[in-house]
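The values are calculated or read from the model by the stated rules, or taken from the named source; none is laboratory data. If you're wondering where the values come from, they're calculated on a predicted model, not measured in any experiment. Cβ coordinates were reconstructed from backbone atoms using ideal geometry, including for glycine residues, and neighbour counts include every protein chain displayed. Note: accessible area is taken over every heavy atom of the protein model, side chains too, but ligands, DNA and RNA are not part of it. Shrake-Rupley method; radii C 1.70, N 1.55, O 1.52, S 1.80 Å.
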Amino acid sequence: MSVRSRVRTRLLVCCVATVAALGALVLAPTAGAAKLGNTYLALGDSLAYGYHAAQFQAEYPNINPASFNDGYVDDFGAALKLANPKLQVINDGCPGETTETMIKGSGIPFFCAGGPTGTPFPDVWLHHPYPAGGSQLADAEAILKANHNVSPITLDIGANDALQACGPTKTCTPAQLGALYAKIAGNVYIILTKLRALSSAQIVLMGLYNPFPTVVPDAATAALNAAEASVAGKVSGVSFANPLPLFNPSVITGGPETQDIPTICAFTAMCPGGVYNPASPKADIHPTKLGYGVLAGVITVDFLTH
């Protein structure tokens, strides 16, 4: 089977699963597995935001957050609205957010994200700005206190912690990676328990994919996913959605990571001009529109089956 055929097969499998999931949601909106309220709350980093680097650069400095409207939150939210057309979607995603800044805030009024080595992101460019000086978690808590019928909640977080500490141009020892992953998992546990204390919502924690195959081992991403999945299992009503096998199929096949390149090129913007080139200044780790759709499919299936 050719590389192109393998990519088509994976896309077909993903699309079929997503269509089946959406059909189940429409036909059985009150099924026991999926808990749908009047509001969907999305939390996380640039993935939740629906970020595209090229689009951001083209719009800068006149960023219109409403134009970033084809992320996984938009796709998943649209699917949920098939069952509840009046559903409100609140997207609190902040590009550059780490687990630390999500909990504590940036420390800079009117900006989110940042941290020791990150870049603060202006609140005015958020889909749902936070109160001045507040954190994303504090904003989520305020939403949950005001509305007791929020469900689901989705969360993706931890990628920026890893990129800032041990990104592709940095080296971390196994011991440093272990300590980093433990810290990320601990912070995710704090976030999840705070959300659970205020809400009975169904929560989906989404894991990471590896946009740097052959540069950063898929095993490193799998280990961080395992740490986050373990934490999800400790909080009631939280499930873990794993996109890694779809973006990086070599983790399933056991083959070389070069097998990941076709899907990484299809699902992310890491291949400017159609060529996988992690060193290119135009390479972008964020999903393409198709990639965001794949993430939405992974979340939809998880939402319906837990």
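Quick notes on this one:
- Residue count for segment 248-277 satisfying the condition of being assigned to a helix (DSSP H, G or I), among the small types (Gly, Ala, Ser) and within 15 Å of Thr214 (Cα to Cα): 1.
- Segment 87-112 - residue that is in contact (Cβ under 8 Å) with a residue 24 or more places away in the chain and aliphatic (A, V, I, L, M) and, of those, nearest to Lys194 (Cα to Cα): Ile103
- The residues in segment 278-291 that are in a helix (DSSP H, G or I) and crowded, with 24+ Cβ neighbours inside 10 Å can be counted, and the count is 1.
Residues checked against (1) at pLDDT below 95; (2) surrounded by 13 or more Cβ atoms within 10 Å (Cβ to Cβ); (3) over 21 Å from Ser199 (Cα atoms):
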residue	(1), (2), (3)
Ala34	yes, yes, no
Phe56	no, yes, yes
Tyr60	no, no, yes
Pro85	no, no, yes
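- Complete set of residues in segment 110-136 that are open to solvent by less than 20 Å² (accessible area, probe 1.4 Å), modelled with pLDDT of 95 or more and not aromatic (Phe, Trp, Tyr): Cys112, Ala113, Asp123, Leu126, Ser135, Gln136
- Restricting segment 211-247 to residues that are part of a helix (DSSP H, G or I) and of a type in the set (Ser, Thr, Tyr), the residue that is nearest to Ile157 (Cα to Cα): Thr221
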